[in-house]
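Worksheet for the structure shown next.
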Amino acid sequence: MFGTTVQSGDFGMNTGMPSRLFLSLLLALCFSGASAPLFAHHSQAVYDEDKLVTITGTVTKFEWINPHVLVHVEVKDDKGNSDEWIVFSGSPAMQAREANWNSEEFKPGETVTIKGFPQKDGRKIMLGAKHYRASGEEIPESLAEQRIYEGYMDRRGKDAGKN
């Protein structure tokens, strides 16, 4: 058609460098779009940020892992029954950069008090907002935990002003 001869397998496309570059860019775009959920952050909607709870117990495990640092705490009630709480904090990188935490921040057997926001479904999981050692020393928090706690305190102060 129009005086152009198409050879078998050619289909009129240039199979040189520009086509390979185009294909490479197209594949890169596809893979980056497919991996977009990996870069998304999940919501904190599972936590009740209007209910601050305080637990005191013994650290049983400290996990310095991505995507969140986890502190496992054995908490005993008035009757001596034990529950394990899992306390989430920011990523190791965030905790190290903003709060100067490290992989040895909490040691099994250590007594801690933690204030945080419990998971709405009733499981013994919380978003940690304030951490204290047995001595009463407050452990620094990342900016995210500080903001969440300050937001709770602001809402609480506004609610108190309504009475």
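Observations on the model:
- Residue in region 90-97 that is outside any helix (DSSP H, G or I), closer than 17 Å to E49 by Cα and in contact (Cβ under 8 Å) with a residue 40 or more places away in the chain present: yes
- For region 117-130, a residue qualifies if it is assigned to a strand (DSSP E or B) and out of contact with any helix residue (DSSP H, G or I) (no Cβ under 9 Å at 6 or more places or on another chain), and the qualifying residues are P118, Q119, I125, M126.
- Residue match in region 139-153 (condition: out of contact with any Phe, Trp or Tyr (no Cβ under 9 Å at 6 or more places or on another chain), of a type outside the set (A, V, I, L, M, F, W, C) and not in a helix (DSSP H, G or I)): no
- Scanning region 19-55 for residues that are over 19 Å from Q146 (Cβ atoms), surrounded by 10 or more Cβ atoms within 10 Å (Cβ to Cβ) and at pLDDT 65 or above gives S19, R20, V46, I55.
- Single match in G128, G136 (criterion: at pLDDT 95 or above, closer than 15 Å to T54 by Cα and out of contact with any strand residue (DSSP E or B) (no Cβ under 7 Å at 6 or more places or on another chain)): G136
- When residues in region 105-146 are screened for being over 27 Å from N81 (Cβ atoms) and without any contact (Cβ under 8 Å) to a residue 40 or more places away in the chain, 3 of them pass.
- Failed criterion for T58 (all others in (1) among the hydroxyl-bearing types (S, T, Y); (2) out of contact with any Gly (no Cβ under 8 Å at 6 or more places or on another chain); (3) modelled with pLDDT of 95 or more hold): (2)
- Enumeration of residues in region 108-125 that are in contact with a Phe, Trp or Tyr (Cβ under 6 Å, 6 or more places away or on another chain) and among the hydrophobic types (A, V, I, L, M, F, W, C): F117
- Residue that is surrounded by the most Cβ atoms within 10 Å (Cβ to Cβ), among those in region 76-88 that are free of Cβ contacts under 8 Å to residues at least 24 places away in the same chain and of a type outside the set (S, T, Y): K76
- Against the numbered list (1) within 15 Å of A144 (Cα to Cα); (2) buried (at least 17 other Cβ atoms within 10 Å of the Cβ), V59 comes up short only at (1).
- So I114, is it touching a Leu at 6+ places or on another chain (Cβ under 7 Å), in a strand (DSSP E or B) and buried (at least 17 other Cβ atoms within 10 Å of the Cβ): no
- If you check K120, K107, K115 for being more than 23 Å from V46 (Cα to Cα) and of a type in the set (K, R), only one passes: K107.
The values are calculated or read from the model by the stated rules, or taken from the named source; none is laboratory data. In this text the structure is predicted, and so the values were computed from the model without any measurement. Methodologically, a virtual Cβ is constructed for each residue, glycine included, from the backbone with ideal geometry; neighbour enumeration extends over all protein chains shown.
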